[in-house]
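Below is one structure; the comments refer to it alone.
The values are calculated or read from the model by the stated rules, or taken from the named source; none is laboratory data. Please read these numbers as outputs of a predicted model, since none were measured by experiment. Reconstructed Cβ throughout: ideal geometry from the backbone, glycine too, with neighbour counts over all protein chains shown. Side chains are part of the model used for accessible areas, which takes the heavy atoms of the whole protein and leaves out ligands, DNA and RNA. Shrake-Rupley method; radii C 1.70, N 1.55, O 1.52, S 1.80 Å.
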Amino acid sequence: MAILVIAEHDNAALKAATLNTVAAAGKVGGEVHVLVAGSGCAAAAQAAAQLAGVAKVKLAEAPHYADQTAENLAALVVANASGYTHILAPATTFGKNLLPRVAALLDVAQISEICGVESPDTFVRPIYAGNALATVKSSDPVKVITVRTTAFDACGQGNAAPVEAIAACPDLGLTQLVGRELTKSERPELGAAKVIVSGGRGLASGENYHKLLEPLADKLNAALGASRAAVDAGFVPNDYQVGQTGKVVAPQLYLAIGISGAIQHLAGMKDSKVIVAINKDPDAPIFAVADYGLVGDLFQIVPELTAAL
Amino acid sequence: MKVLVPVKRVIDYNVKVRVKADQSGVELAGVKMALNPFDEIAVEEGVRLKEAGIAAEVVAVSCGATVCQEQLRTALALGADRAILVETDAAQAETLQSLAVAKLLKAVCDKEQPQLVILGKQAIDDDANQTGQMLAALLGWPQATFASKVSVADGKAQVTREIDGGLETLSIRLPAIVTTDLRLNEPRYATLPNIMKAKKKPMDVLKPAELGVDIAPRLTTLKVAEPPKRQAGVKVADVAELVAKLKNEAKVI
């Protein structure tokens, strides 16, 4: 058995999600190779070579891989798929965009967002916003899988696997990147943060969100998150969203502030170690999953909490 | 330009899903079904393109059992012009997986020759998030997934995508695949006159065998279980008690 992990990176550095994916590959068992495809991404390939459990890094460099578009990357993965029994990528927007395309080109199913490995062909994955866990067995010769990163601890480092350059495929010319508006933040990344301060509709405005939650997040060195309601209302950008269709997080501490707790939101955070809910409605569903609930006016409680830390 | 909008029948998003006692799946008997919310957004986007004079026709497609006609009628009531049901029997519908659906949709695309296919990014039942990307692969078309803005001009679509770090805008050549994210639009409600009109709109029925597609599943579901339940904790009286609990009991700060 040999497993190919598709690295997620921004050419300069590996994304943390790659480490969880390599860890999941380790659970499957077999020789793990990592594909780093990009442009000017040798540093990312070197970082991949240091990951524990990696036997080889394959590096494909070409200008048309710089933007990580699915069409060109999928063609490259398929051209290099021979000999692999498993192809894994993180279940991030990168992996979710890419791997179904790879699977269809290989004429195999794709198994989305696994949270457990039962055996090399049997996996556990959440369905219905995490309200059920399905155990599925694949009959395909190649298992193409995205990995829920919060379900696998990051792999270790300190390895020195060889990096082998591989040939690029021709540019398909189907897609062109026009631009990116990436949220710039000094805070920890939402997917990897130990503490998350998350706000919902109860904050009533974007101004309140920033005024109340940022000082609290500063004190806790926390990432900032939000419910769908807060994103839809324009309080914060889309990449703050935690939930079934947003990011899935599992920090040590999750503070849900002014969030009622729709099942779609709970799907994204209920694996957090400790959940704190602050809400004025004592019947809000968020209290059913919270370890510590505080009923009251968040406009009074949050500044008090910030001051007390 | 013709726009094709594939739609899926799923359990209504307001329903609390229950796992069957024998762990063979989730309870579907007597449960309210609906159009997958992301597909509703896809229909709305197609209809808006038509209202803007960009699309000439919006065709809704669904793959599954006869009952999927209900969701196609909903799509028609929202403004789709006609519908196609790729009909399977009820047992096949239960094991219809993304790859098989993508293959059926490819066959429909070969017949219909749309310039744009708009799909929901995921269905809220299996949360797979695959069909659009797979269809794009099978057709060899470009894809723009998780769209929050779509504009079409000069044989190209410019699509803003919601990605983990923020937003990304792609220019893709038509024909192409777009999958919808939550903030692409706010779907309209079907009005009663439009629901009545929808009953008279044409609906074709095709069979997978006519399309030459093998819909056998590749994945077998061994069991469906309840996730571990999280116990509700305690209510604290004030901030001081909360901080004390977090420090001394949970030890997370």
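Can you tell me how many residues in the range B:211-234 are without any contact (Cβ under 8 Å) to a residue 12 or more places away in the chain and touching a Leu at 6+ places or on another chain (Cβ under 7 Å)?
Going through the range B:211-234, the residues without any contact (Cβ under 8 Å) to a residue 12 or more places away in the chain turn out to be B:220, B:222, B:227-234.
Next, from what is left, pick out any that are touching a Leu at 6+ places or on another chain (Cβ under 7 Å): B:227.
Qualifying residue count for the region: 1.
Taking the condition of being among the acidic types (Asp, Glu) and crowded, with 23+ Cβ neighbours inside 10 Å, how many residues in the range A:102-135 meet it? First the steps, then the outcome.
To start, the set of residues in the range A:102-135 that are among the acidic types (Asp, Glu) comprises A:107, A:113, A:118, A:121.
Right, trim to crowded, with 23+ Cβ neighbours inside 10 Å and you get A:113.
Going through the range A:102-135 one residue at a time, the tally reaches 1.
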Notebook entry, point to check: What residue, of A:Leu172, A:Leu203, A:Leu177, A:Leu182, is within 19 Å of the chain's Cα centre (by Cα) and of a type in the set (A, V, I, L, M)?
Noted result: A:Leu182
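Which one is surrounded by the most Cβ atoms within 10 Å (Cβ to Cβ) among residues in the range A:136-149 that are in a strand (DSSP E or B) and touching a Gly at 6+ places or on another chain (Cβ under 8 Å)? Show your work before the answer.
Taking the range A:136-149 as the starting set, the residues that turn out to be in a strand (DSSP E or B) are A:136-138, A:143-147.
Right, trim to touching a Gly at 6+ places or on another chain (Cβ under 8 Å) and you get A:146-147.
Working: A:Thr146: 30, A:Val147: 32.
Selected residue: A:Val147.
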Notebook entry, point to check: From the list B:Thr169, B:Thr191, which residue is open to solvent by 40 Å² or more (accessible area, probe 1.4 Å) and modelled with pLDDT of 95 or more?
Noted result: B:Thr191
Margin query: Given the options A:Pro126, A:Pro120, name the one that is in contact (Cβ under 8 Å) with a residue 60 or more places away in the chain, facing chain B (nearest Cβ under 9 Å) and over 27 Å from A:Asn11 (Cβ atoms).
Written below: A:Pro126
Item checked: Subset of the range B:137-149 [crowded, with 24+ Cβ neighbours inside 10 Å, touching a strand residue (DSSP E or B) at 6+ places or on another chain (Cβ under 7 Å) and farther than 16 Å from A:Pro237 by Cβ] -> B:Pro142, B:Gln143, B:Ala144, B:Thr145
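Residue-by-condition table, conditions (1) over 28 Å from A:Asn20 (Cα atoms); (2) outside any helix (DSSP H, G or I); (3) modelled with pLDDT of 95 or more:
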residue	(1), (2), (3)
A:Glu214	yes, no, yes
A:Ala217	no, no, yes
A:Ala229	yes, no, yes
A:Leu255	no, yes, yes
A:Gln264	no, no, no
A:Asp271	no, yes, no
A:Gln300	yes, no, yes
Notebook entry, point to check: Which pairs do you get when a residue that is within 30 Å of A:Asp153 (Cβ to Cβ), found in the range A:194-214, comes within reach of a residue that is at pLDDT below 95, reach meaning Cβ atoms under 7 angstrom, with the pair 6+ apart or on two chains?
Noted result: A:Ile196/A:Leu190
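I need the full set of residues from the range A:75-99 which are within 23 Å of A:Leu19 (Cβ to Cβ), assigned to a helix (DSSP H, G or I) and not charged (D, E, K, R), in order please. Walk me through how you get there before you give the answer.
Step one: list which residues in the range A:75-99 are within 23 Å of A:Leu19 (Cβ to Cβ), which gives A:76-77, A:80-81, A:84-99.
Then keep just the ones that are assigned to a helix (DSSP H, G or I); that gives A:76-77, A:93-99.
Those that are within 23 Å of A:Leu19 (Cβ to Cβ), assigned to a helix (DSSP H, G or I) and not charged (D, E, K, R): A:Leu76, A:Val77, A:Thr93, A:Phe94, A:Gly95, A:Asn97, A:Leu98, A:Leu99.
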Next item on the list: Considering (1) more than 30 Å from B:Lys20 (Cβ to Cβ); (2) touching a residue at least 24 places away in the same chain (Cβ under 8 Å); (3) out of contact with any Asp or Glu (no Cβ under 9 Å at 6 or more places or on another chain), say which one B:Lys251 fails and leave the rest.
Entry: (2)
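Please work out which residue is farthest from A:Pro285 (Cα to Cα), limiting yourself to the range B:216-233 and to residues that are open to solvent by less than 70 Å² (accessible area, probe 1.4 Å) and within 7 Å of chain A (Cβ to nearest Cβ).
Step one: of the range B:216-233, the residues open to solvent by less than 70 Å² (accessible area, probe 1.4 Å) are B:216-219, B:224-225, B:227, B:230, B:232-233.
After this cut, where a residue has to be within 7 Å of chain A (Cβ to nearest Cβ) as well, the list is B:218-219, B:224-225, B:227, B:230, B:232-233.
On the way: B:Arg218: 37, B:Leu219: 34, B:Val224: 24, B:Ala225: 22, B:Pro227: 17, B:Arg230: 12, B:Ala232: 10, B:Gly233: 13 Å.
That would be B:Arg218.
Residue by residue, here is whether (1) open to solvent by 30 Å² or more (accessible area, probe 1.4 Å); (2) within 11 Å of chain A (Cβ to nearest Cβ); (3) part of a strand (DSSP E or B); (4) under 30 Å from A:Ser139 (Cα atoms) holds:
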site: B:Gln122; (1), (2), (3), (4): no, yes, no, yes
site: B:Leu135; (1), (2), (3), (4): no, yes, no, yes
site: B:Arg161; (1), (2), (3), (4): no, yes, yes, no
site: B:Ile195; (1), (2), (3), (4): yes, no, no, no
site: B:Lys200; (1), (2), (3), (4): yes, no, no, no
site: B:Pro208; (1), (2), (3), (4): no, no, no, yes
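Criterion first (within 14 Å of chain A (Cβ to nearest Cβ), buried (at least 18 other Cβ atoms within 10 Å of the Cβ) and either touching a helix residue (DSSP H, G or I) at 6+ places or on another chain (Cβ under 6 Å) or among the aromatic types (Phe, Trp, Tyr) (or both)) does B:Ala100 satisfy it? I'd like the intermediate steps shown before the answer.
Working: within 14 Å of chain A (Cβ to nearest Cβ): yes; buried (at least 18 other Cβ atoms within 10 Å of the Cβ): yes; either touching a helix residue (DSSP H, G or I) at 6+ places or on another chain (Cβ under 6 Å) or among the aromatic types (Phe, Trp, Tyr) (or both): no.
No.
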Notebook entry, point to check: In the range B:75-85, is there at least one residue being touching a residue at least 12 places away in the same chain (Cβ under 8 Å) and open to solvent by 60 Å² or more (accessible area, probe 1.4 Å)?
Noted result: no
Note to self: Criterion first (buried (at least 24 other Cβ atoms within 10 Å of the Cβ) and within 10 Å of chain B (Cβ to nearest Cβ)) does A:Ile278 satisfy it?
What the structure shows: yes
Notebook entry, point to check: With B:Ala60, B:Ala93 as the choices, which residue is farther than 14 Å from B:Leu135 by Cβ, part of a helix (DSSP H, G or I), without any contact (Cβ under 8 Å) to a residue 60 or more places away in the chain and within 18 Å of the chain's Cα centre (by Cα)?
Noted result: B:Ala93
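Among A:Ala250, A:Ala290, which is assigned to a loop (DSSP other than H, G, I, E, B) and at the interface with chain B (Cβ under 8 Å from one of its Cβ atoms)?
Working: A:Ala250 fails: at the interface with chain B (Cβ under 8 Å from one of its Cβ atoms).
Within the list A:Ala250, A:Ala290, the selection yields A:Ala290.
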Check: Taking A:Asp283, is it in a helix (DSSP H, G or I) and charged (D, E, K, R)?
Finding: no
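Do we find that A:Leu203 is in contact with a Gly (Cβ under 7 Å, 6 or more places away or on another chain), under 29 Å from B:Ile124 (Cβ atoms) and more than 13 Å from chain B (Cβ to nearest Cβ) in this structure?
Values: in contact with a Gly (Cβ under 7 Å, 6 or more places away or on another chain): yes; under 29 Å from B:Ile124 (Cβ atoms): yes; more than 13 Å from chain B (Cβ to nearest Cβ): yes.
Yes; evaluated as a whole, the condition is true for this residue.
Please give the strands (runs of 3 or more DSSP E) falling wholly within the range A:1-72 in which 2 or more residues are surrounded by fewer than 21 Cβ atoms within 10 Å (Cβ to Cβ). Even if it seems obvious, please write down each step before you answer.
Details: elements: A:2-6, A:31-38, A:54-61.
Qualifying strands (runs of 3 or more DSSP E): A:54-61.
Looking at this structure, is B:Val213 open to solvent by less than 70 Å² (accessible area, probe 1.4 Å), at pLDDT 95 or above and not in a loop (DSSP other than H, G, I, E, B)? Walk me through it before giving the result.
Values: open to solvent by less than 70 Å² (accessible area, probe 1.4 Å): yes; at pLDDT 95 or above: yes; not in a loop (DSSP other than H, G, I, E, B): no.
Answer is no for this residue.
Does B:Arg183 satisfy being open to solvent by 40 Å² or more (accessible area, probe 1.4 Å), facing chain A (nearest Cβ under 7 Å), basic (Lys, Arg) and assigned to a loop (DSSP other than H, G, I, E, B)?
Working: open to solvent by 40 Å² or more (accessible area, probe 1.4 Å): yes; facing chain A (nearest Cβ under 7 Å): yes; basic (Lys, Arg): yes; assigned to a loop (DSSP other than H, G, I, E, B): yes.
Answer is yes for this residue.
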